[in-house]
1. Based solely on its DSSP helices, what 222 nm [θ] is calculated for chain B when runs of n ≥ 4 H residues each add -39,500 (n - 2.57) and the sum is averaged over all residues, nearest 500 deg cm²/dmol?
2. If one takes the longest principal axis of the Cα atoms in chain C, at what angle in degrees, from 0 to 90 and to the nearest 10, does the Cα axis of helix C:151-162 lie?
3. In vacuo Debye scattering of the protein assembly as shown, one point per C-alpha: log10 I(q)/I(0) at q = 0.07, 0.11, 0.13 Å⁻¹?
4. So if I restrict to the alpha-carbon atoms in segment C:81-124, what is the Rg, and what is Dmax, the biggest pairwise distance, in Å?
5. To the nearest 10 degrees, how steeply does helix D:66-81 sit against the main Cα axis of chain D, on a 0 to 90 scale?
6. I need the inter-copy label distances for B:TRP35: point set 7 Å along Cα to C-beta, values in nm with one decimal, smallest first.
7. In nanometres, what is the gap between the two model label sites at D:GLU158 and D:GLU29, each 7 Å from Cα along Cα-to-Cβ?
8. Run down the aspartates and glutamates and flag those whose C-alpha is under 16 Å from the C-alpha of D:LYS162, throwing out any fewer than 8 positions away in its chain.
Amino acid sequence: MKVRYFAWLRERTGTSQETLDLPETVKTTGDLMNWLAARDEGYAFAFEQPDTIRIAVNQEHVDTDFVLTGTEEVAFFPPMTGG
Amino acid sequence: MKVRYFAWLRERTGTSQETLDLPETVKTTGDLMNWLAARDEGYAFAFEQPDTIRIAVNQEHVDTDFVLTGTEEVAFFPPMTGG
Amino acid sequence: MKHMAAMTNTIEYTVRVQEEDFNVSKETELLTQDRKDIGAIVTFTGLCRDEGGTLEALELEHYPGMAEAQISRFAQQAVERWPLTGLTVIHRFGKIPPGENIVLVIATSPHRRAAFEAADFLMDFLKTQAPFWKKEHLKNASEGSWVEAKTIDDKDAERWNKNAPA
Amino acid sequence: MKHMAAMTNTIEYTVRVQEEDFNVSKETELLTQDRKDIGAIVTFTGLCRDEGGTLEALELEHYPGMAEAQISRFAQQAVERWPLTGLTVIHRFGKIPPGENIVLVIATSPHRRAAFEAADFLMDFLKTQAPFWKKEHLKNASEGSWVEAKTIDDKDAERWNKNAPA
């Protein structure tokens, strides 16, 4: 599964995108956030306030209870500040 | 006193502006409308529905009870349709 | 006609009533050149529609002097009510064929809501409070007919009494 | 990216996400040329402010693909909700110095309220729902800082759920 990070999530994880093989215990977007947060200090910092993080699956907004089955691309980013 | 007419009031009276000496009985803008309406058929037609007519004195909107003392210019016109 | 607002906190605005056409990008440039404090530009351009091909032209009559004064009154209200950096209002008169410009409002501000609301406010009051009258000349009619004022325009203008802006 | 709306009653709209600048009058001309059924053009241009001279530049990061898809989703909603004759939305990314353009929305319609509301609606959703992130680079700071989302922007976007348009 391709995972993408934007803005300060990209900076804190040190990664703009990566392809990950997820363990079977990671079933939802929320599980994925917890699993990523446990990877290293940078990821822990990036995901330390999960409530402020927005999630997109296959480029559409989803919540933390979204089931990842069939997902090609997950993205994590802060609240958007366009316009 | 200068009296001006716009849009269909101008067309019905056949006059865009005129200078009139008013009798003493004409004290308010409402009196003036009644007095003008009695002048001839064109004026009667122009002022037949006084409720639809807007009035400006010295280029500011006023009502029919406005006292004309000191007035230099009165204008009569339909509801505005600019913009 | 260039107006310098009386209060030091409010800005200069431009109001013009003219027969000739205007150029939106030129008027915008006048409000934005050499400044970097503008976050939002809203332009409203009102044009003459051909009404399904039936309209030959609109004839716009106005009350010279009072037209400028009324528009300036509402422009002054707008610069006092919203934090604008620039405001231009131009209204044409005379015979205007379909596809041509009638009216222009440009509002600039650091903030988008102020620019939107000021332009919207001015258009509502131009429609109902500025002494202009439109006569429609149709292609298949020998005589023109005066456009009637719409209740919806009065209702639009009333919004600004009820709701204080953010 | 040019989209043809699926429903026959709604119009084509243009959505572009690009690094290069845009020209407001050229984009307006594309929506108005050869037609005489437009009564109202509203343009919104968002620019980079210099924040009292402290800002060196804004850096705009975006999510390619999703940015276009999200803007198109709201553009589609707008053309279904208001009787528009044209709609263009352009959002830039990359490093943008003060005074330069960031975003453009142009809505054209026979009616002024539709053009105003559609442009206003799109800007509210671009602010809160399109995947762009702004980083401020200040003149006297070695590191940039991410702009935080504002609650007021969410409230602005919520207006469109509560109020059905006229």
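1. Taken over chain B, the calculation gives -6500 deg cm²/dmol.
2. Helix C:151-162 and the main axis of chain C meet at about 10 degrees.
3. Here log10 of I(q) over I(0) equals -0.48, -0.95, -1.21.
4. 12.5, 37
5. The angle comes out near 30 degrees.
6. Here the equivalent label points are 9.2 nm apart from this one.
7. 4.4 nm
8. Within the straight-line cut-off, D:LYS162 pairs with D:GLU117, D:ASP120, D:ASP124, D:ASP153, D:ASP154.
Throughout, read-outs are computed from the coordinates displayed, never taken from laboratory work. What you see is a predicted model; the values in this text were computed from it and never measured. We place every Cβ from the backbone using ideal geometry, glycine too, and count neighbours over all the protein chains shown.
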